[in-house]
Amino acid sequence: MSDMYNGTPVPPYAEQDDAGNTAHQANTKPNGTKHEKHKKEGKQHSGDRSMLKSIGGGAIGAVIVVALVMMLWSWTPLFNGMKSGTVSSSNGTITITGDDEATTAEAVAAKDIDSVVTIYVYSNTSSDYSQYFNSGNSSSNSPSALGSGVIIKQDGDYYYIVTNYHVVEGASKATVKVGDQQYTAESVGYDSKTDLAVIRIKASGLTVMEWGDSTNLNVGQWVMAIGSPYGYEQTVTTGIVSALYRSDVLSDESGFGTTVYTDMIQTDAAINPGNSGGALVDSEGRLIGINTYISSTSQSSAGLGFAIPSAEVQPVTEQLINGQTVNHAYLGITMSKSNDPAGVKVTSVFKDTAAASAGLQTGDVITKIDGSDVTSTNDVSVAVSKKSAGDTLDITYVRNGQENTTTATLGSDADQSEEYADNGAPSNENYYGGNGSGRGYGNSGSGNGSSGNGGSNSDMLNELFGNMFGYGSGNGSGSNSGSFWNN
């Protein structure tokens, strides 16, 4: 399922008093305030001389004020979000420069807003949400969901757009709206494990967004989110980078599909349903992330939004555009949580995998990876997801009460095995534990050890309109029921 407009816009906020009455702030002057003039004792001078003194003192004060303002304004790291700016274009490159005609937010919006699109998703099955798009018509001619996307490349007559995979998963067709123009989208490729997808449209005169470098971000840095929350197209919100390198594991409603998000950008810029796939940009209007999910108990912004960093988005989209399969690090186990000893129990090991080569066996309890304590299956999934095929993991585990260490050289999920390794078959007591479909690779392979379900969302993270997790990766491969991806 994609981002779906639930027809419940967030109302304006107004403060309430203790009795629950709405209170509105206003600029008021305290009662009884008196403004008095003070005279300096001594000889009185003529009015002209007093005027000259007043003018002279005012001029000196003005000079001091101007000097202070210029000095403070030069502190760009501190006041960057407050400085003004305008948009200029040279050889197709748009830059933002200081000026008195527009604020930074206005300049960034002017530069980027036409590079962020609204994606309308159609499916062969009727949707309860279609009523909000076309006067209650729930036929396949009405969009069943929507999300956002970012124009990242032009190649001849085609423009390539990145979005979240969960926005277009299961689509039978998709259309893209840019300003007042609407286009039919074509599938290019997707990678469900990173929750990214690329589509394209045939058009002319559109604006490609400039890539930024998410590895150079700082906590507290000014950012802007652009997308279509609740169907309100080309909406911009501003905030800061609240934190960096956040990692989470989210599962779909069935519990059998999971996606591991690593090194996410956390922001307090308002992100709501419909923002998925939209842009997170810096003060220069450069793309630093793709807005993906929020942490909220209300399915609307609580100031905790998360974006996939551009350092991950850019290489994945380049591979998809080039028709390549996106590979991920693969350990080769299923697992469940262990309480005694504390850690993660290996419930099976697959043949010819990193885990098998490292000597892991069914029943081993992993307690540390690369020196860090392991307390949940998510810890293992995140540790593997941060790596690439060929990288190593130092694993500490307990077997028969004895602590051991080993080094696993990670393989690729393209080479995953369905056959158990020696001493790797599941035992009767944990046969149903772990994630049977995860196979222990980085972007899956977590479970609860009792029902076989995938990793749970312990932090109550709410993805923007569920079912964002498939099992396929690469250029349209995997189990995706939507005919859009079979074109």
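The values are calculated or read from the model by the stated rules, or taken from the named source; none is laboratory data. No experiment lies behind these values; they were computed from the predicted model shown. Here the Cβ positions follow ideal geometry from the backbone for every residue, glycine too, while neighbour counts run over all protein chains shown. Just so you know, the surface numbers come from the protein's heavy atoms only, side chains and all, with ligands and any DNA or RNA stripped out. Shrake-Rupley method; radii C 1.70, N 1.55, O 1.52, S 1.80 Å.
Structure notes:
- The local environment of VAL223, defined by Cβ-Cβ distances under 10 Å, has a net charge of -2 under the rule Lys, Arg +1 and Asp, Glu -1.
- Once both labels are positioned 7 Å from their Cα atoms along Cα-to-Cβ, the gap between ASN141 and SER204 label points is 3.1 nm.
- Overall form of segment 262-358 per C-alpha gyration tensor (a/c, 1.5; a/b vs b/c): oblate
- Segments 347-360, 364-377 sorted - mean Cβ within 10 Å per residue, highest first: 347-360, 364-377
- What segment 258-303 shows is 19 Å² of accessible area per residue, with the surface traced by a 1.4 Å probe over protein heavy atoms.
- Subset of LYS202/LYS387; LYS193/LYS337; LYS111/LYS193; LYS111/LYS386 violating a 27 Å alpha-carbon distance limit: LYS202/LYS387; LYS111/LYS193; LYS111/LYS386
- For segment 304-409, the square roots of the Cα gyration tensor eigenvalues, ordered a ≥ b ≥ c, give a/c of at least 1.5 with a/b greater than b/c, which places it in the prolate category.
- Shape category assigned to segment 174-224 from the gyration tensor of Cα positions, a/c cut at 1.5: oblate
- Cut-off under 5 Å, modelled amide H: who pairs with SER144 long-range: VAL121, TYR122, SER123
- Segment ASP415-SER372, extension gain: residue separation times 0.36 nm, minus the distance between their alpha carbons: 12.7 nm
- Simple spin-label estimate for ARG399 and ASN218 in nanometres, 7 Å along Cα-Cβ: 4.9
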